[in-house]
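Structure record follows, encoded as structure tokens.
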Amino acid sequence: MTESADEPKNTKHVVIVGGGFAGLHCARKVAANPDVRVTLVDRHNYQQFQPLFYQVATSLLSAGNIAFNLRSTLMRHPNVDVKLAEVVSVDLNSHTVHTAQGGEYQGDYLVLAAGSEANFFNTPGAAEHTFPLYSLHNAESLRSRILAMLESADADNSLIDKGALNFVIVGAGPTGAEMSGAFADVLLSWKERKAVHKVFWDLPLDRAQVFLVDAGPAVLGAFSSKAQEYAARTLTQRGVQIRLRTKVTEVGEAHVTLSDGTRIPTHTVIWAGGLKASSISGNLGLKTGRGGRIDVEADLTVPGVSGVYALGDFANIPGKDGQPLPQLGSVAEQSGKWCAKNILLDVAGKPREAFRYLDKGIMAMIGRDAAVAEVGEHRHEVEGAIAFAAWLGVHAALLSSTIAKIEAFMEWAWWYFGGARDDVVLDRSEELQVNWHEDTEERAEAVKQLQDAGQSRTG
Ligand SMILES: Cc1cc2nc3c(=O)[nH]c(=O)nc-3n(C[C@H](O)[C@H](O)[C@H](O)COP(=O)(O)OP(=O)(O)OC[C@H]3O[C@@H](n4cnc5c(N)ncnc54)[C@H](O)[C@@H]3O)c2cc1C
């Protein structure tokens with residue numbers, strides 16, 4: 001499995017770990033130079049488009065709309081070799097990566113772009129019992145679980161008291177807000193619920209509950225207070241029960257416990273509560289920074305070793321004010337391209353340049369006809385239907401091929417004008433295997449608490 005070095009003598013070899021936004025854009029740009037060859041190592045043979053995971057989970061898009069084969073994506077670059085392997089350790093000094101499959105790849109340059117994974121902040125039960133949303137597999141599992149809950153509640157209405165139709169989202173950042181908005185569309189809004197009713201005509205969907213829980217004081221913490229208020233107001237009007245300044249203290253098989261003592265019976269807890277660098281960052285022999293990420297120099301190199309770069313979600317990349325840039329697709333994409341530029345400068349014997357991030361703004365979808373966008377560095381704010389249309393346009397534009405963009409638009413049009421969603425097949429029957437009997441004694445108390453809370457809100 002160890003590669004043979006039979007390339008032409010002057011060819012420089014770049015090994016990239018991770019084919020996400022950062023690694024892929026780096027590979028494409030650096031491979032435009034025929035004097036460089038690239039080995040891109042990823043544990044998946046596809047690039048996943050994370051911003052649309054929640055739409056896969058709620059059956060608006062299918063997996064094929066948001067995952068793109070890396071070999072096909074890079075086929076116009078004969079000097080890029082894609083290897084499907086899990087990197088388990090890295091020798092920074094020799095620029096060598098070792099894989100779980102026994103492979104070894106050594107380059108003149110090493111690019112670490114392994115992204116991030118869920119951070120459960122040591123919350124008891126969270127790793128075992130929640131659905132994070134950081135991989136395509138996560139999104140598909142969650143979709144199956146949602147469908148399994150609808151099927152179970154339809155087969156036996158008494159399971160609704162045991163939390164079958166309670167959905168709890170932890171974390172009110174963009175991922176949590178988008179996820180709860182999508183739940184509100186599917187389960188709580190009268191208009192869209194019709195689509196679910198067509199197939200589950202006997203299911204009392206008016207008993208579905210969606211909770212959004214966050215330890216912080218606002219929904220969409222990184223946005224302006226006006227955008228935060230708009231998001232919270234819209235979600236509340238659509239039926240989402242928002243619990244701010246409230247922590248999740250423990251997650252069980254059939255419930256979640258909050259710091260105010262509330263215990264919500266549920267079998268579907270979605271973890272959008274935080275992220276940290278992909279676990280391989282702990283095997284590099286480096287002192288890691290915030291979120292387990294690698295603190296990099298302004299030119300994206302890893303301090304103390306030559307020829308090693310860290311990018312995207314895997315790195316703390318200093319912005320203009322010296323503070324780390326946020327974990328965003330645009331930061332990952334731009335840092336990938338900049339890294340390629342610096343490698344090519346290095347190959348040409350020229351000095352590397354400090355990364356300059358072009359801040360195009362931030363946006364979040366709240367649901368049908370509702371989104372917020374803060375455009376540009378000066379954060380010009382747009383909300384409502386215009387921001388909703390802009391969100392769809394921007395996210396379609398970021399998809400990697402023309403066919404993917406057209407297909408996404410067609411799915412969105414079917415949904416927007418016809419209310420149609422993917423015809424979901426429950427092919428992961430393991431998601432039906434939940435323990436309906438956990439907490440039998442405490443369940444009655446939990447249900448009572450929820451009913452009391454509902455009465456005091458409406459009363
Ligand atoms: C649910 C969700 C919604 C989001 N929404 C938005 C949004 O609306 N707008 C926005 O700008 N950003 C959004 N983001 C953030 C954005 O997706 C990330 O910032 C971006 O994907 C980071 O790119 P990356 O290349 O650094 O990492 P990733 O895209 O995560 O790619 C990392 C790659 O490394 C591979 N990898 C990891 N470990 C290993 C290993 N040990 N061996 C081999 N391969 C490995 C992975 O398989 C993956 O392909 C969202 C993120 C999530 C999770």
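The values are calculated or read from the model by the stated rules, or taken from the named source; none is laboratory data. The shown structure was predicted, so the numbers you read here are calculated from the model rather than taken from an experiment. Positions of Cβ are backbone-derived with ideal geometry, glycine not excepted, and every protein chain shown enters the neighbour counts. Each accessible area value is taken on the protein alone, full model and side chains, heavy atoms only, with ligands, DNA and RNA left out. Shrake-Rupley method; radii C 1.70, N 1.55, O 1.52, S 1.80 Å.
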Please find, within segment 218-236, the residue that is nearest to residue 383 (Cα to Cα) out of those that are among the aliphatic types (A, V, I, L, M) and free of Cβ contacts under 8 Å to residues at least 60 places away in the same chain. 232
Could you list, in sequence order, all residues of segment 217-245 that are assigned to a loop (DSSP other than H, G, I, E, B) and of a type in the set (Gly, Ala, Ser)? 218, 221, 222, 224, 239
Residue check for residue 183: in contact with a strand residue (DSSP E or B) (Cβ under 9 Å, 6 or more places away or on another chain), under 30 Å from residue 154 (Cα atoms) and within 16 Å of the ligand (Cβ to nearest atom): yes
Go through segment 107-137 residue by residue and tally those that are modelled with pLDDT of 95 or more, under 24 Å from residue 47 (Cβ atoms) and out of contact with any helix residue (DSSP H, G or I) (no Cβ under 9 Å at 6 or more places or on another chain). 2
So which of 231, 218 is farther than 30 Å from residue 435 by Cα and in contact with a Leu (Cβ under 6 Å, 6 or more places away or on another chain)? 231
Filter segment 97-122 down to the residues that are away from the ligand (no atom under 14 Å from the Cβ) and polar (S, T, N, Q), then identify the one that is farthest from residue 215 (Cα to Cα). 106
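For (1) closer than 17 Å to residue 343 by Cα; (2) among the hydrophobic types (A, V, I, L, M, F, W, C); (3) within 22 Å of the chain's Cα centre (by Cα), each residue gets a yes or a no:
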site	(1), (2), (3)
283	no, no, no
286	no, yes, no
289	no, no, yes
292	no, no, yes
295	no, no, yes
300	yes, yes, no
306	yes, no, no
309	yes, no, no
323	no, no, no
Given the residues 25, 44, which is the only one that is within 9 Å of the ligand (Cβ to nearest atom), farther than 20 Å from residue 343 by Cα and not in a strand (DSSP E or B)? 44
Do you know which residues across segment 217-246 are surrounded by 15 or more Cβ atoms within 10 Å (Cβ to Cβ) and at positive phi? 220, 239
Identify all residues within segment 331-361 that are away from the ligand (no atom under 16 Å from the Cβ) and not basic (Lys, Arg); write none if there are none. 342, 343, 344, 345, 346, 347, 348, 349, 351, 353, 354
Of residues in segment 367-382 being under 19 Å from residue 235 (Cα atoms) and in contact (Cβ under 8 Å) with a residue 40 or more places away in the chain, the one surrounded by the most Cβ atoms within 10 Å (Cβ to Cβ): 372
Looking only at segment 188-216, which residues are open to solvent by less than 10 Å² (accessible area, probe 1.4 Å) and either touching a His at 6+ places or on another chain (Cβ under 8 Å) or within 16 Å of the ligand (Cβ to nearest atom) (or both)? 203, 205, 212
